[in-house]
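**Q** Here you go, one structure.
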Amino acid sequence: MSRLVNLTALLVLVLMCLRAGSAKPHEEMTKDHATELANECKAETGATDEDVEEMMKHDEPERHEAKCLRACVMKKFQIMTEDGKLSKEHAIEMVKAISKHDAEKEDAPAEVVEKCEALEVPEDHCEAAVTYEGCIYEQMKEHGLELQEH
């Protein structure tokens, strides 16, 4: 699968994470809020308006700042911890939220996250975010989990 599909999956993951309640409880769970957080991250990471637009359009990040934008958004949604690791609890909820329900695959979300959590990722949180997104998408595919249509 191409990186573009992986990035599309990540954005869907982030947006679904909002809808699933994995964001902090006091935060409004809307696409507008996701854009607001991406703009906050833009300021924190040195990303540009174009980087935010790229992320919202599911384009592959080429610039390091664009990758850092994704890491920042993942941290704000608690998918990634502040030390650059995958947050198992939030990542499992996210996978459950974005995949079509299949009673025969109840254990699959945890298996997906466990596989990705065990990865050796770069110390650079920006690169780690890209590594985790690719892993989650690939593991979902390997476990037969389909993304919900939205």
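The values are calculated or read from the model by the stated rules, or taken from the named source; none is laboratory data. Everything numeric in this text was worked out from a predicted model, so none of it was measured. With ideal geometry, Cβ positions are generated from the backbone for all residues, glycine too; neighbour counts draw on all protein chains shown. Heads up: the accessible areas ignore ligands, DNA and RNA and are worked out on the full protein's heavy atoms, side chains in. Shrake-Rupley method; radii C 1.70, N 1.55, O 1.52, S 1.80 Å.
**Q** Filter the stretch 33-57 down to the residues that are part of a helix (DSSP H, G or I), among the small types (G, A, S) and surrounded by 19 or more Cβ atoms within 10 Å (Cβ to Cβ) and list them by number.
**A** If the condition is that a residue be part of a helix (DSSP H, G or I), among the small types (G, A, S) and surrounded by 19 or more Cβ atoms within 10 Å (Cβ to Cβ), then A34, A38 are the ones that fit.
**Q** Which of the residues that make up the stretch 73-87 are part of a loop (DSSP other than H, G, I, E, B) and open to solvent by less than 60 Å² (accessible area, probe 1.4 Å)?
**A** Those that are part of a loop (DSSP other than H, G, I, E, B) and open to solvent by less than 60 Å² (accessible area, probe 1.4 Å): F77, Q78, I79, T81, G84, S87.
**Q** Another question about this same structure. Taking only pairs six or more apart or across chains, which ones have beta-carbon atoms under 8 Å, a first residue in the stretch 97-116 that is without any contact (Cβ under 8 Å) to a residue 24 or more places away in the chain, and a second residue that is of a type outside the set (S, T, N, Q) and not in a loop (DSSP other than H, G, I, E, B)?
**A** Correct list of pairs: A110/I92.
**Q** Evaluate the following for L7: is it at pLDDT 85 or above and either surrounded by fewer than 18 Cβ atoms within 10 Å (Cβ to Cβ) or under 27 Å from E120 (Cβ atoms) (or both)?
**A** Spelling it out, it is not the case that L7 is at pLDDT 85 or above and either surrounded by fewer than 18 Cβ atoms within 10 Å (Cβ to Cβ) or under 27 Å from E120 (Cβ atoms) (or both).
**Q** Answer yes if at least one residue in the stretch 65-72 is at pLDDT 85 or above, open to solvent by less than 80 Å² (accessible area, probe 1.4 Å) and not in a helix (DSSP H, G or I), and no otherwise.
**A** Looking through the stretch 65-72, none of the residues is at pLDDT 85 or above, open to solvent by less than 80 Å² (accessible area, probe 1.4 Å) and not in a helix (DSSP H, G or I).
**Q** For G84, state whether it is at pLDDT 90 or above and in contact with an Asp or Glu (Cβ under 6 Å, 6 or more places away or on another chain).
**A** no
**Q** Which pairs turn up if I take residues in the stretch 123-148 that are crowded, with 21+ Cβ neighbours inside 10 Å and modelled with pLDDT under 95 and look for partners that are assigned to a helix (DSSP H, G or I) and among the basic types (K, R) with beta carbon separation below 6 Å, at least 6 apart in sequence or on another chain?
**A** A129/R70; V130/K67
**Q** Is it fair to say I98 is β-branched (V, I, T), closer than 19 Å to G134 by Cα, open to solvent by 10 Å² or more (accessible area, probe 1.4 Å) and at pLDDT 70 or above?
**A** no
**Q** Test E60 against the criterion of being in a loop (DSSP other than H, G, I, E, B) and open to solvent by 10 Å² or more (accessible area, probe 1.4 Å), and give yes or no.
**A** yes
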